[in-house]
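Okay, so here's the structure we're looking at.
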Amino acid sequence: KEHRRHPVTGFFSKLLFLDILFDPEGRYVLIYALVSIIVGASLYSWLEGWGFFDSAYFVVITLTTIGYGDLSPTKPITKLLTMFYAINGIVILLMFYDQIDAYADQRIDRILRNDRC
């Protein structure tokens, strides 16, 4: 028997990717993304002298390939780090899309199986 969620709880669960968090394979993608943000924020804070929140903001903006340009690295080592994080961000986004696609396929298969019964 499938567990039914409250409509509001289900909405926030999907909005915050909690379904992926509880999926054994998807959990690794979220952990990898969070570790990347924390390590990157720590490095930028240390190397550039930015506050941790500003550093985390910069890392998220870089990882998501948005790049507003309001913060920018000034040292060669942090410019190199930024290149790494930009490429890493593409990989993380592709991993997220893959997990979301796999989760959607599973949901569609469950719905189709229930309709046939």
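Values computed for the structure shown
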| quantity | calculated |
| --- | --- |
| Selection status of residue 59, within 27 Å of residue 97 (Cβ to Cβ) and buried (at least 17 other Cβ atoms within 10 Å of the Cβ) | yes |
| Residue match in the stretch 90-97 (condition: at pLDDT below 95 and either over 13 Å from the mean Cα position of the chain (by Cα) or farther than 21 Å from residue 27 by Cα (or both)) | no |
| Test for residue 35: is it out of contact with any helix residue (DSSP H, G or I) (no Cβ under 9 Å at 6 or more places or on another chain) and assigned to a helix (DSSP H, G or I) | yes |
| Qualifying residue in the stretch 105-117 (condition: open to solvent by less than 70 Å² (accessible area, probe 1.4 Å) and either in a helix (DSSP H, G or I) or modelled with pLDDT of 90 or more (or both)) | no |
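Table: residues versus (1) modelled with pLDDT of 85 or more; (2) under 13 Å from the mean Cα position of the chain (by Cα).
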{"position": "12", "(1), (2)": "no, no"}
{"position": "40", "(1), (2)": "yes, no"}
{"position": "64", "(1), (2)": "yes, yes"}
{"position": "72", "(1), (2)": "yes, no"}
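The values are calculated or read from the model by the stated rules, or taken from the named source; none is laboratory data. What you see is a predicted model, and the numbers here were worked out from it, not measured in a lab. We place every Cβ from the backbone using ideal geometry, glycine too, and count neighbours over all the protein chains shown. Heads up: the accessible areas ignore ligands, DNA and RNA and are worked out on the full protein's heavy atoms, side chains in. Shrake-Rupley method; radii C 1.70, N 1.55, O 1.52, S 1.80 Å.
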